[in-house]
1. Among the listed residues 154, 135, 143, identify the single one that is assigned to a helix (DSSP H, G or I) and in contact (Cβ under 8 Å) with a residue 24 or more places away in the chain.
2. Go through the range 114-132 and give me each residue that's over 19 Å from residue 2 (Cβ atoms) and free of Cβ contacts under 8 Å to residues at least 24 places away in the same chain.
3. Go through (1) within 20 Å of the chain's Cα centre (by Cα); (2) surrounded by 13 or more Cβ atoms within 10 Å (Cβ to Cβ) one by one and return the number of the condition residue 177 breaks.
4. Those residues that are in contact (Cβ under 8 Å) with a residue 12 or more places away in the chain and assigned to a loop (DSSP other than H, G, I, E, B), I need them from the range 230-249; list them, please.
Amino acid sequence: MIKVSIIGTGKVGTHLIKACINSPMVQLVEIYNRSLEGLELYKGLTPTTTVLKDLKKADIYIVALPDDVIKTLDLSHLSGLIVHTAGTKSFKILNAPRRGVFYPAQSFSKEKKINFKGVPVCIETEFVGDYGVLQNFAHMIAQNVYELSEDKRQKLHLAAVFANNFSNRIMGIAYDLCKEHKIDFQILQPLLQETFLKTQILPPKVAQTGPALRNDIQTIEKHLNQLKGTDKEVYQILTKSIQEDHGIKL
């Protein structure tokens, strides 16, 4: 049994709390949040506190707070391993004697349930002796655990922004176009599903289709004439990116 405390009840913290509660190998010692409001949901379920210096003894403390808040915390009084969940920050921003990173490579929303077992977790520790502790815990709540250096984790985070945040915005443009012209967005759902399913068996470059790949100038110009502002710029940039990737002369 490993003793864990969660610091923060935001999106990531909420899912980590659930994952710890659901694991028979983890004892959730305490939950910290700056405000009482963020702790209401957990009253009677596990001990809670709004006082950082009063945190109970634990093997691991997971800091699931915004990046700019992490570096302001004084955790030097804690003897356990302190890890944060930020994808782009070094463990050095933690003011603690034993430090590391526990980065779940997933997009979280409080409103949507997620099976944490399927979330890839990337870990790193400052000291070799702490790695086994963090690795053991990670395997208790997740199936896929990866040791990544700070540099590789930052590159993964960059890739994740393209894979998740930017692709979601592109879907937003498609959604807005459908809504504007009174077209049911659900018509595109099978296409979206097939697009992402292909990435599991084919490199994206091999799976690429569309007018940019065919260099279908007539269709491209027709599309551009229907767009304006940033959406038009996005179409042009992505068309150029696809054609450059496939060696098509512009």
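Where a number appears in this text, it was derived from the coordinates with a stated rule and is not lab data. None of these values were measured; they are calculated from a predicted model. Positions of Cβ are backbone-derived with ideal geometry, glycine not excepted, and every protein chain shown enters the neighbour counts.
1. Working: 135 fails: in contact (Cβ under 8 Å) with a residue 24 or more places away in the chain; 143 fails: assigned to a helix (DSSP H, G or I).
So the residue among 154, 135, 143 that is assigned to a helix (DSSP H, G or I) and in contact (Cβ under 8 Å) with a residue 24 or more places away in the chain is 154.
2. If the condition is that a residue be over 19 Å from residue 2 (Cβ atoms) and free of Cβ contacts under 8 Å to residues at least 24 places away in the same chain, then 115 is the only one that fits.
3. Here residue 177 clears every test but (1).
4. Matches in the range 230-249: 246, 248.
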